[in-house]
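Only one structure is covered here, and it is reproduced in the block below.
The values are calculated or read from the model by the stated rules, or taken from the named source; none is laboratory data. All of these numbers come straight from a predicted model, not from anything done at the bench. Please note: Cβ atoms are built from the backbone with ideal geometry, for glycine as well, and neighbour counts cover all protein chains shown.
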């Protein structure tokens, strides 16, 4: 059997990435960044406020805490609902104890159903960012373009209306995107996305209409991945988080400021037998020193030093 020449043809084969969204740009080659107060670490805490509908379909992409069960899925719904009703308030107290801010990643259905959580977030000076509509509707390449556009608009418009804030950050449910997502987000006024896990610092993304920036949310040491997908003990939430802090701080001493991404889920770290790990981790970070800021604040500080490069 003869293989046709077209079998080896690939129009995007070239050095670097096989897409046009951003270039390959190793971090050690970039100019150093300095955070306010000359802090070495910008602490980027994200807290996920999620909703799994009781009658929702089994999604094509399952999040780390997802259970691929048919409806009605009471155990999935109530596990996450525990986080919104109880666990979130333990995380509020743990972060409040050190005056730390966070960026709240809201499924828009959570804001619609439980606006009290939006009030709690805003009262603390946190930022509201969008995270789709609910966890049963991740974005995939099989989603029709019009359906994806409607999902993005619904999520953003709901959160902007309820919060009264611009809402310019986006994190897709389960880090899910299609080939159209970045263009749609740029069209709808989003400034930064948190789905790309290939860096420790922000970087520019090219879309059809304007530039976006990627902000790092690390998937490796997020609590839901550690205890949900990796099945590791609760202690690893603390151990991996503080190891990341120490390593990034050492890098920052010689190469400029770094961002420590700390993703927290109320249904995970907000459990009574796990909250100690988040409290211990936050306490040691506070003792070591950091600049605690929202995603928009970190991006503004970054762009203030790198614009035009």
Note on residue 100: of the conditions (1) more than 20 Å from residue 223 (Cα to Cα); (2) part of a loop (DSSP other than H, G, I, E, B), unmet is (1)
May I ask you to say which residue of 241, 283 is assigned to a helix (DSSP H, G or I), over 22 Å from residue 173 (Cβ atoms) and in contact with a helix residue (DSSP H, G or I) (Cβ under 6 Å, 6 or more places away or on another chain)?
241
Scope the range 31-52; condition assigned to a loop (DSSP other than H, G, I, E, B), surrounded by 13 or more Cβ atoms within 10 Å (Cβ to Cβ) and touching a helix residue (DSSP H, G or I) at 6+ places or on another chain (Cβ under 8 Å); matching residues
33, 34, 35, 40, 50, 51, 52
Which residues, taken from the range 184-195, are in a helix (DSSP H, G or I) and either touching a residue at least 40 places away in the same chain (Cβ under 8 Å) or surrounded by 19 or more Cβ atoms within 10 Å (Cβ to Cβ) (or both)?
184, 185, 186
Among (1) farther than 19 Å from residue 109 by Cβ; (2) in contact with a helix residue (DSSP H, G or I) (Cβ under 7 Å, 6 or more places away or on another chain); (3) touching a residue at least 60 places away in the same chain (Cβ under 8 Å), which single condition is residue 180 missing?
(3)
Please tell me if residue 201 is in contact (Cβ under 8 Å) with a residue 60 or more places away in the chain, part of a loop (DSSP other than H, G, I, E, B) and surrounded by fewer than 21 Cβ atoms within 10 Å (Cβ to Cβ).
yes
Could we say that residue 219 is within 28 Å of residue 167 (Cα to Cα) and either crowded, with 21+ Cβ neighbours inside 10 Å or modelled with pLDDT under 95 (or both) here?
yes
Quick check: anything in the range 56-78 modelled with pLDDT of 90 or more, part of a loop (DSSP other than H, G, I, E, B) and within 24 Å of residue 102 (Cα to Cα)?
no
A careful count of residues in the range 164-183 that are modelled with pLDDT of 95 or more, part of a helix (DSSP H, G or I) and either in contact with a strand residue (DSSP E or B) (Cβ under 7 Å, 6 or more places away or on another chain) or under 18 Å from residue 49 (Cβ atoms) (or both) gives 1
Selection over the range 122-157 where residues are within 19 Å of residue 45 (Cβ to Cβ) and either touching a helix residue (DSSP H, G or I) at 6+ places or on another chain (Cβ under 8 Å) or surrounded by fewer than 17 Cβ atoms within 10 Å (Cβ to Cβ) (or both) yields a count of 9
